[in-house]
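Input: a single structure, listed below in structure tokens.
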Amino acid sequence: MTNMKNILVALIPIYLYFFIQGFYVVIYKENPIARILAVISMLIFTILITLFVSTVFDPSKQNKNGKIK
């Protein structure tokens, strides 16, 4: 489980970078296709980080040894 927490901590800056880049594209780019792709990718990254955090830190999703089911 600590390995998963370390991976989560290592990936948070990358997720934040992509999320901020998505805001930049939505606000400053004129191409509507780029805006749609940015919003979709921001939603995907938000869902992925939420699922990852919930599986790592939720004790009900781990077995007795502390490993994720």
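The values are calculated or read from the model by the stated rules, or taken from the named source; none is laboratory data. The model shown is predicted, which means the values in this text are computed figures rather than measured ones. Note that we place each Cβ from the backbone using ideal geometry, even for glycine, and neighbour counts take in every protein chain shown.
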Subject >> Filtered residues of segment 1-10 (kept if at pLDDT below 80 and not charged (D, E, K, R)) >> reply: 1, 2, 3, 4, 6, 7, 8, 9
Subject >> Of all residues in segment 1-41 being more than 18 Å from residue 54 (Cα to Cα) and in contact with a Gly (Cβ under 8 Å, 6 or more places away or on another chain), the one that is surrounded by the most Cβ atoms within 10 Å (Cβ to Cβ) >> reply: 38
Subject >> Filter result for residue 56 (assigned to a helix (DSSP H, G or I), modelled with pLDDT under 80 and not polar (S, T, N, Q)) >> reply: yes
